[in-house]
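Colleague: Got a structure for you, written out below as structure tokens; questions coming shortly.
The values are calculated or read from the model by the stated rules, or taken from the named source; none is laboratory data. Everything numeric here is computed off the predicted structure, so don't read it as measured data. Cβ atoms come from the backbone with ideal geometry, glycine included; neighbour counts cover every protein chain shown. Just so you know, the surface numbers come from the protein's heavy atoms only, side chains and all, with ligands and any DNA or RNA stripped out. Shrake-Rupley method; radii C 1.70, N 1.55, O 1.52, S 1.80 Å.
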Amino acid sequence: VQGNASTIKMVGGYLVATVADRENNRQNTVKYLVETWYQKQAERRLKEKTERLSKVIGVSPKSVSIKNYKSRWGSCSSNGDLTYNWRIILAPHRIVDYVVVHELCHLIEHNHSPRYWKHVEYHVPDWREHRDWLKNWSVAV
């Protein structure tokens, strides 16, 4: 919709973008508003999920942040900083949980060794299906 200022909010289960009358490129403004909204939601949800699942796994990440990755869903630095691609929140909850568990398990094993995958499998027994979902749907997300 058009209005005095460019904003976005959830109304009745729908995102409603208001674009200022003075905006020249409405499409870019709407894209920016939607991405910004999703990034804020991703930061909140992924921090909550990471906090909850880190207690289950028994690890403590140093920090949790959101980035705009082009080719990865998350990363874990050697000093325990977790970073997620904000787009992962567009995936089903089970997939988001898998990505969070995947990164948290790197706090135990900072590699993809068989020992690492055993930790992942303990918390997400069907992790292979989730990994395959990410491979198959990554272009859509």
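Colleague: Might you work out the accessible area of R44 for me, using a 1.4 Å probe with all protein chains in place, and round it to the nearest 10 Å²?
Modeller: Taking all protein chains as shown, R44 has close to 120 Å².
Colleague: Tell me the accessible surface of S75 in square angstrom (1.4 angstrom probe, heavy atoms of protein chains only), to the nearest ten.
Modeller: Roll a 1.4 Å probe over it and S75 shows about 20 Å².
Colleague: Something else: Could you provide, to the nearest whole Å², the per residue accessible area of the chain with probe 1.4 Å?
Modeller: Normalised by residue count, the accessible surface of the chain is 62 Å².
Colleague: How do W127, W73 rank by accessible surface area computed with a 1.4 Å probe, from largest to smallest?
Modeller: So the residues, ranked largest to smallest area, are W73, W127.
Colleague: Between W137 and E109, what FRET efficiency comes out of the Förster formula 1/(1 + (r/R0)^6) with R0 = 25 Å and r the beta carbon distance, rounded to 0.05?
Modeller: 0.40
Colleague: If you average the sequence gap of Cα pairs under 8 Å that are 6 or more apart and divide by the length of segment 21-141, what percent do you get for the contact order?
Modeller: The value is 22 percent.
Colleague: Residue separation times 0.36 nm, minus the C-alpha to C-alpha distance between V34 and R128: what's the value?
Modeller: Contour length minus the Cα-Cα distance gives 30.7 nm.
Colleague: Would you be so kind as to identify which of I88, L33, Y116 lies farthest towards the positive end of the dipole of segment 17-141, taking Lys and Arg as +1 and Asp and Glu as -1 on Cβ and the Cα centre as origin?
Modeller: Towards the positive end, the residue furthest out is L33.
Colleague: A further question follows. Where the accessible area of the chain is counted over protein heavy atoms with a 1.4 Å probe, how much of it, in %, is carbon and sulfur? Don't skip to the end; give the middle numbers.
Modeller: Working: 4330 of 8760 Å².
Taking all protein chains in place, the chain shows 49 percent carbon and sulfur surface.
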